[in-house]
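Some notes on the structure that comes next.
The values are calculated or read from the model by the stated rules, or taken from the named source; none is laboratory data. Only a predicted model underlies this, so the values are computations on that prediction, with no experimental measurement involved. Counting neighbours? That spans all protein chains shown, and the Cβs are built from the backbone with ideal geometry, glycine included. Heavy atoms of the whole protein, side chains included, go into the accessibility calculation; ligands, DNA and RNA do not. Shrake-Rupley method; radii C 1.70, N 1.55, O 1.52, S 1.80 Å.
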Amino acid sequence: MDTTTTTTVLPNNGGRRRLVLLPLPLQGHINPMLQLANILHSKGFSITILHTRFNSPNPTNYPHFNFLSIPDVGLQNHSLSDFANVIRLVHHLNTSSLHPIRDCLARLMLEDAGVSCLITDAQWFATQTVADDLKLPRIVHRTSNISSFLLFAAFPLLRDMGYFRPFSDQELKSEAFVPGLEPLKVKDLPKFLTSDPVGSCELLELMVQATKQARAIIWNSFKELEEAELPTLRHGFSYPHFLIGPFHKYFPASSSSLLDQDKTSISWLDKHSHNSVLYVSFGSLAIIEEYQFLEMAWGLANSKQPFLWVVRPGSIQGSEWLESLPDGFLERIAERRGYIVKWAPQQEVLSHPAIGGFLTHSGWNSTLESICEGVPMICSPCFGDQLPNARYVCDVWKIGVELENGLEREEIESSIKRLMVDKEGIEMRDRVLNLKEKVNICLKKGGSSYTSLEDLVNYILSF
Ligand code: UDP
């Protein structure tokens, strides 16, 4: 349903500079962009959110922003599941929306001479041309981390190395690093490349080229986490980089959720002891097969560890929700050990003292939210940047374990024990708590993100 209003008369902005922010219409991209909008608003800018009608954010949660919906881009009658293949969605948006976006921006600039900058998701790569035509500086907001962006930027290397082909059984298990793309391993590639490696490669090249032409990049990450990658980044992209994250720590819980968050999750968690519950969620896009869902169910039940499980309706192929669970399963887990919801207030959940671990698909927002609350992870990445995120969590930051064989009940059960009971899990928790402390420091006055945000504000004011 289209809940948006197209504002034609801008509220009096008291002479503030206006920034136009354009999110990609997916949950994992809308959340950080709306958080960024709040951060910049708190620094004195007026905000216009330019958005598609498909998956539009709810303007009533942001009365301090002006919302401008992009007219028909051929998506109104679609649901998120039609675009579970993100490549298709990104391609569609970048080819069909440019004229409407140009018209919206041109009209806005006529109404408000103070429009000083366009901030778009990196995946809206075609908007660089629009910004150039309108002589409007464009800054890119990259919703993933630096490490995975560098891997994406090196994607054509994979093509040149001949990796766009079916893999042998040996390669599917190979622990060898992909040359030039460490710490990515050869066995990661089939998932990293997605089902359409050629399409992915083309889109990523366009995204990287347009990102190079922008004025700067804003990262939802923090310097202390990605220090090792910064020299390579600066070498390839020699303009300002603003690492001002984690965004969600500036403002409490997100109001940009596209689905209703089930608050009973919190009252259920209140009944559990410290660090005892495993939180399980695969984000807003991942879809698993029915046998994998059942393996998860048995792995969780057999672990004897309490769990809060988000099963998003439509996330199991061929099922609406829980109907494929065996008779009696729900009764068996009901007594304080397991609780299933359709969508949770994830940031609140992760900060709850009862949470002791997170079984995740390793989306960047989920990974960052887990780090911020000092929660170690079990990683089961599904596609795209989830693969490098999981590699970094397990092999570089060493704050999680990986499900080596996909979703398989014995391994799920043993990984839960490794994470929540064994000594190695305690060590992972210590390391992630150390990162949590670094987050707290980087956001304080004089900290890296705090300073980078001041630099960003001054940079925008210099346009
Ligand atoms: N999320 C939520 N409730 C849930 C599951 C996820 O609010 O039950 C939020 C989560 O906090 C995060 C976003 O949805 O901000 C998911 O983003 P992520 O990058 O982790 O994964 P994606 O959905 O893009 O695959």
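Below, the figures for the structure above:
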{"read-out": "Lys/Arg +1, Asp/Glu -1 at C-beta; the chain dipole; positive extreme among ILE399, HIS141, LEU189", "value": "HIS141"}
{"read-out": "Spin-label proximity, LYS212 to region 235-270 - amide N less than 12 Å from point 7 Å beyond Cα toward beta carbon", "value": "236-238"}
{"read-out": "Value of [θ]222 nm, deg cm²/dmol, for the chain, DSSP H segments ≥ 4, -39500 (n - 2.57) each, nearest 500", "value": "-12000 deg cm²/dmol"}
{"read-out": "In Hz, Karplus ³J(HN,Hα) per residue of region 125-131 (6.51, -1.76, 1.60; θ = phi - 60°; x = Gly, Pro)", "value": "5, 5, 6, 4, 5, 4, 4"}
{"read-out": "Percent carbon-and-sulfur accessible area, region 129-170, ignoring ligands, DNA and RNA, probe 1.4 Å", "value": "52"}
{"read-out": "Estimated dipole of region 265-330 in Debye, rounded to 20 [Cβ of Lys and Arg +1, of Asp and Glu -1, Cα centre]", "value": "320"}
{"read-out": "Distant-in-sequence amide H partners of ASP121 (H built 1.01 Å from N, under 5 Å)", "value": "LEU22, LEU24, HIS141"}
{"read-out": "Peptides ranked, highest mean first, by Cβ atoms within 10 Å: ranges 189-199, 215-225, 293-303", "value": "215-225, 293-303, 189-199"}
{"read-out": "Separation of alpha-carbon centers, region 228-277 and region 346-413, rounded to whole Å", "value": "13"}
{"read-out": "Magnitude of the charge dipole, the chain, Cβ model with Lys/Arg +1 and Asp/Glu -1, debye to 20", "value": "1420"}
{"read-out": "Furthest towards positive pole of dipole, PHE293, LEU278, LEU322, structure part the chain, Cβ charges", "value": "LEU278"}
{"read-out": "For the chain: accessible area per residue (Å², 1.4 Å)", "value": "41"}
{"read-out": "Apportionment of accessible area to carbon and sulfur, region 273-422, percent (1.4 Å)", "value": "48"}
